[in-house]
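S.K.: Have a look at this one before I ask anything.
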Amino acid sequence: MTKPRLLDLFCGAGGAAMGYHRAGFEVVGVDIKPQPHYPFEFRLGDALEPNPARRCYAWSSFDAIHASPPCQAYSIANNIHQRTDHPRLIEPTRELLRASGLPYVIENVPRAPLVDWVNVCGLALGLNVKRHRWFESNQVLFGTECPKGHPGDWLLVFGHTVLERGHQIGRTAKNGPIIRRKHVGTDRGRAAMGIDWMNRDELSESIPPAYTEFIGKQLMEVISVAA
């Protein structure tokens with residue numbers, strides 16, 4: 001039986017791709033940078049190439065699309081650093097995917113300008129990271145329900161590092177909180193994310209495959225009904 005094919009735009013090192021693969025898709029990734037650790041078929045090219053004749057993919061070859069445009073412009077870290085040179089590609093990505101006529105998903109960080117998004121929480125899927133991510137789609141999707149208070153000693157994987165969840169261990173002289181955040185190794189981060197093939201930098205920019213396995217199973221139902 002032929003598997004439905006999913007185009008993975010802005011694919012990075014393949015965290016999202018692995019989840020869709022586990023959900024039953026044949027996945028093809030596209031990224032403007034080489035991705036030597038991408039675990040499936042990879043094509044080097046511009047995901048937003050406006051000229052169909054110059055694209056490294058064709059809509060007719062796929063049944064669905066996932067896109068993870070760069071998140072740096074919308075991230076918490078950028079709220080601190082206030083950089084203005086990060087690309088904001090969600091709107092042009094949405095325009096392109098709508099024009100394809102295919103079922104699509106756009107993934108990004110909380111506070112990104114997504115439409116009718118659903119939230120996925122790693123703790124709700126049994127992982128050792130919270131790592132909330134939003135998913136927009138032109139199909140009806142469901143997110144997860146976060147555990148109340150996000151309990152536990154889960155990890156943070158971001159900014160090219162892996163940290164234990166911060167715990168208050170005291171107060172400063174001005175009564176501010178003193179937070180302990182212990183750096184732990186990349187292997188701990190890989191285990192928490194359910195990823196074993198990425199280096200530290202790739203890991204920090206990825207999402208756990210469990211997220212897109214959860215989303216991908218819903219997308220697979222949409223495609224099965226339409227077939």
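Bear in mind these aren't lab numbers, they're just calculated from the coordinates by the rules spelled out. Just so you know, these numbers come straight off a predicted model, no measurement behind them. Don't worry about glycine lacking a Cβ; one is built from the backbone with ideal geometry, like all the others, and counts go over all protein chains shown.
S.K.: Per the Kirkwood treatment, what hydrodynamic radius in Å, one decimal, follows for the stretch 5-226 from the mean inverse distance over all distinct Cα pairs?
M.R.: Value: 18.3 Å, from the Cα pair sum.
S.K.: What's the exposure ranking of Thr2, Thr144, Thr212, going from fewest to most Cβ atoms within 10 Å?
M.R.: Thr2, Thr144, Thr212
S.K.: Something else now. Residue by residue through the stretch 150-157, which ³J(HN,Hα) values in whole Hz follow from phi under the Karplus form 6.51 cos²θ - 1.76 cosθ + 1.60 (θ = phi - 60°), with glycine and proline marked x?
M.R.: Whole-Hz 3J(HN,Hα) from phi for the stretch 150-157: 6, x, x, 9, 6, 9, 10, 10.
S.K.: What are the residues whose amide H is under 5 Å from the amide H of Tyr104, where those residues sit 5 or more places off or on another chain and H is modelled from the backbone?
M.R.: So Tyr104 has HN proximity to Ile65, Asn138, Gln139.
S.K.: For the stretch 189-202, take each phi angle, set θ = phi - 60°, evaluate the Karplus expression 6.51 cos²θ - 1.76 cosθ + 1.60, and give the result in whole Hz per residue in order, putting x for glycine and proline.
M.R.: So the Karplus estimates, Gly and Pro as x, are x, 4, 5, 5, 8, x, 10, 10, 10, 9, 7, 4, 5, 5 Hz.
S.K.: Order by neighbour count: Lys217, Lys174, Lys182, fewest other Cβ atoms within 10 Å first, most last.
M.R.: So the residues, fewest neighbours to most, are Lys174, Lys182, Lys217.
S.K.: Would you order Leu163, Leu9 from fewest to most other beta-carbon atoms within 10 Å of each residue's own beta-carbon?
M.R.: The most exposed by this proxy come first: Leu163, Leu9.
S.K.: Using the Karplus equation 6.51 cos²θ - 1.76 cosθ + 1.60 (θ = phi - 60°), what ³J(HN,Hα) coupling, rounded to whole Hz, does each residue of the stretch 209-219 give in order, writing x for Gly and Pro?
M.R.: Those phi angles translate into x, 4, 5, 7, 5, 4, 5, x, 5, 5, 5 Hz.
S.K.: Next up: Hey, can you grab everything whose amide H is under 5 Å from the amide H of Arg43? Only 5+ residues off in sequence or another chain; H modelled, so Pro and N-termini drop out.
M.R.: For Arg43, the qualifying residues are Gly29, Val30, Asp31.
S.K.: Among all lysine pairs in the stretch 5-226 that are eight or more places apart or on different chains, how many have alpha carbons less than 29 angstrom apart?
M.R.: 8
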